[in-house]
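Written out below as structure tokens is the structure these notes cover.
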Amino acid sequence: MYELPIRRLRIYDKPKIISHFNSLDSEALTSRFGASISAACVQGYLSGIFDNAALVFGAFPDSCLRGVGELRILPDNRAHVAEAAFTVETEWQDRGIGDALLSRVITAARNRGIREVHMLCLATNQKMRRLAAKHDAELSLLTGQVEATLTAPWPTPLSIAEEISGEYHAMARAILSWPSMTQRTG
């Protein structure tokens, strides 16, 4: 198994994120947002994706953005709680991208002192339910949805080094995979 390049996305990556969400079919969008959603609503959501200090991560299995993981710290919450959400392009599902994104999100949460990470998915979304269970989440059935609660361990020097190392390796891969100037111009 190869190491999947995942890196934190920044504001300059927004065109890639928009392209990724625009490539998702209606089923993938329904899974992400928990209901059918219009293109205008998706674009409205994307306009503020980096608001409120959200951490956004991208998976680049083939040097293109194929999956996005988001970690949003819940405002005014003294219990250090956040929510997480994921999208993976349909043709790239079942390749470990969601698992790798969730691992990176848990590490980021851990290193920021977040103790609980909550995820909501449709009750019919078996893939997300299995993924959450794989990461020892407590699953609670709500009306038509399942809430997964992950408890993040306390940060350690090793978990911080893991996050820094992951960022370094993903950025190095991104730089090495950029087309050379001669390829772009001629």
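Can you give the extra length, in nm with one decimal, that the chain gains between Asp136 and Tyr45 once fully stretched, where that is 0.36 nm per residue apart less the Cα-Cα distance?
Between Asp136 and Tyr45, full extension yields 29.8 nm more.
Can you give the Kirkwood hydrodynamic radius for the chain, in Å, rounded to one decimal and based on Cα pairs?
Mean inverse Cα-Cα distance, inverted, gives 17.2 Å.
Going by how many other beta carbons lie within 10 Å of each one, how would you line up Tyr12, Tyr168, fewest first?
Tyr12, Tyr168
State, as an integer percentage, the relative contact order of segment 6-176 based on alpha-carbon contacts under 8 Å between residues 6 or more apart.
20
Work out the FRET efficiency for Gln145 and Ser63 from their Cβ-Cβ distance, taking R0 = 41 Å, and round it to the nearest 0.05.
0.75
Two decimals, Cα atoms only, Kirkwood Rh: what is Rg/Rh over segment 69-114?
1.07
Which of the helices in the chain, when you take each full DSSP H run, stretch at least 27 Å along the axis at their Cα atoms and have an average Kyte-Doolittle score of 0.0 or higher?
157-177
Read-outs throughout are calculated quantities, based only on the coordinates presented, and are distinct from any laboratory measurement. Quick caveat, the model's predicted, so the values are computed rather than measured. Here the Cβ is made from the backbone with ideal geometry for all residues, glycine too, and neighbour counts use every protein chain on show.
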